[in-house]
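Peer 1: Please read through the structure below; I'll follow up with questions.
The values are calculated or read from the model by the stated rules, or taken from the named source; none is laboratory data. Small disclaimer: the values here were computed from a predicted structure and weren't measured. Glycine also receives a Cβ, built like all others from the backbone with ideal geometry; neighbour counts cover every protein chain displayed. In case anyone asks, the SASA skips ligands and DNA or RNA and just uses the protein heavy atoms, side chains included. Shrake-Rupley method; radii C 1.70, N 1.55, O 1.52, S 1.80 Å.
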Amino acid sequence: RRQRQMCIRDRVTVTFEPRFTLTIGNQLVIGSSVSFAEGSVSVDKAPGDDDKYAKGTVVTLTASPASGYGFRSWAGTSNDTSNPTTVTISSNKHVTVTFELRFPLTINNQAVTGPSVNFTEGSVSLNPAPGKDAKYAKDSTVTLTASPASGYRFDHWEGDASGNVTTVTITMNSNKSVTAAFKKVYT
């Protein structure tokens, strides 16, 4: 008689941890960046080979606006106003980034970078001052006030502002260039 020998292998239980996706805008994150017409977002931890993240992964997102745009906000992150910001993966995550059109202002051929522009004949104060990027968000209203230096008087505005009163308001819906014209006063 023949004897049969049976071998029973050890049973191994394999538990798979759930894995989750991250989308930015309408794009699935499959690498270290996502691009849009208005800018891009760099992702410091790219997903795994399956384009997914393990639960608990913290991903840092950095928005980089394209030329003519600025970062405005996030939706769905740990801090929607901070750039960079983080996302902790605990389920499938959807993040939105908002970029905004931004425009520079030039006064008397000087780029505006702060709350006032000074020149020999006088100065122009601005309210509000431009952002850190020396630009204004689309459709911002800016009040310009001309102040003559000693020996000069304000005469009129030229370019994207007009009139002969010292205070005018302009709407930043494109790049703007303004001239504050002053005249020498003789005694």
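Peer 1: Mind telling me which of the residues Ser174, Ser147 ends up being in contact (Cβ under 8 Å) with a residue 12 or more places away in the chain and not in a loop (DSSP other than H, G, I, E, B)?
Peer 2: Ser147
Peer 1: Within region 21-43, which residues are touching a residue at least 40 places away in the same chain (Cβ under 8 Å) and surrounded by fewer than 17 Cβ atoms within 10 Å (Cβ to Cβ)?
Peer 2: Result: Thr23, Gly25.
Peer 1: Which count do you get for residues in region 79-105 that are touching a Lys or Arg at 6+ places or on another chain (Cβ under 7 Å) and either of a type in the set (Ser, Thr, Tyr) or assigned to a strand (DSSP E or B) (or both)?
Peer 2: Adding up the residues that qualify gives 9.
Peer 1: To continue, here is another question. Tally up the residues in region 143-170 that are open to solvent by 70 Å² or more (accessible area, probe 1.4 Å) and among the hydroxyl-bearing types (Ser, Thr, Tyr), please.
Peer 2: Qualifying residue count for the region: 3.
Peer 1: Here is a further query. Please go through region 95-126 and pick out each residue that is under 15 Å from Ala161 (Cα atoms) and polar (S, T, N, Q).
Peer 2: Thr106, Asn108, Asn109, Ser125
Peer 1: What is the residue count in region 67-79 for residues that are of a type in the set (S, T, N, Q), in contact with a strand residue (DSSP E or B) (Cβ under 7 Å, 6 or more places away or on another chain) and open to solvent by 50 Å² or more (accessible area, probe 1.4 Å)?
Peer 2: Qualifying residue count for the region: 2.
Peer 1: So, one more: Within region 58-110, which residues are without any contact (Cβ under 8 Å) to a residue 12 or more places away in the chain and farther than 30 Å from Gly159 by Cβ?
Peer 2: Those that are without any contact (Cβ under 8 Å) to a residue 12 or more places away in the chain and farther than 30 Å from Gly159 by Cβ: Ser78, Asn79, Asp80, Thr81, Ser82.
Every residue, every condition in (1) over 25 Å from Ala134 (Cα atoms); (2) touching a Pro at 6+ places or on another chain (Cβ under 9 Å), yes or no:
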| position | (1), (2) |
| --- | --- |
| Ser147 | no, no |
| Gly151 | yes, no |
| Asn164 | yes, no |
| Val168 | no, no |
| Thr171 | no, no |
| Lys176 | no, yes |
| Lys184 | yes, no |
| Thr187 | yes, no |
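Peer 1: When region 85-111 is examined, which residues are found to be among the aliphatic types (A, V, I, L, M) and within 19 Å of the chain's Cα centre (by Cα)?
Peer 2: Val87, Val95, Val97, Leu101, Leu105, listed by residue number.
Peer 1: Here is a further query. For region 121-137, how many residues are aromatic (Phe, Trp, Tyr) and touching a residue at least 60 places away in the same chain (Cβ under 8 Å)?
Peer 2: Summing the residues that are aromatic (Phe, Trp, Tyr) and touching a residue at least 60 places away in the same chain (Cβ under 8 Å) in region 121-137 gives 0.
Conditions tested, residue by residue: (1) at pLDDT 95 or above; (2) closer than 16 Å to Thr86 by Cβ.
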{"residue": "Gln27", "(1), (2)": "yes, no"}
{"residue": "Ile30", "(1), (2)": "yes, no"}
{"residue": "Asp49", "(1), (2)": "no, no"}
{"residue": "Val59", "(1), (2)": "yes, yes"}
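Peer 1: For the subset of region 117-133 comprising residues that are under 17 Å from Met172 (Cα atoms) and modelled with pLDDT of 95 or more, which member is most open to solvent (accessible area, probe 1.4 Å)?
Peer 2: Asn127
Peer 1: Given Ser177, Ser140, Ser82, which one is under 28 Å from Pro65 (Cβ atoms), open to solvent by 50 Å² or more (accessible area, probe 1.4 Å) and under 28 Å from the mean Cα position of the chain (by Cα)?
Peer 2: Exactly one of Ser177, Ser140, Ser82 is under 28 Å from Pro65 (Cβ atoms), open to solvent by 50 Å² or more (accessible area, probe 1.4 Å) and under 28 Å from the mean Cα position of the chain (by Cα), namely Ser177.
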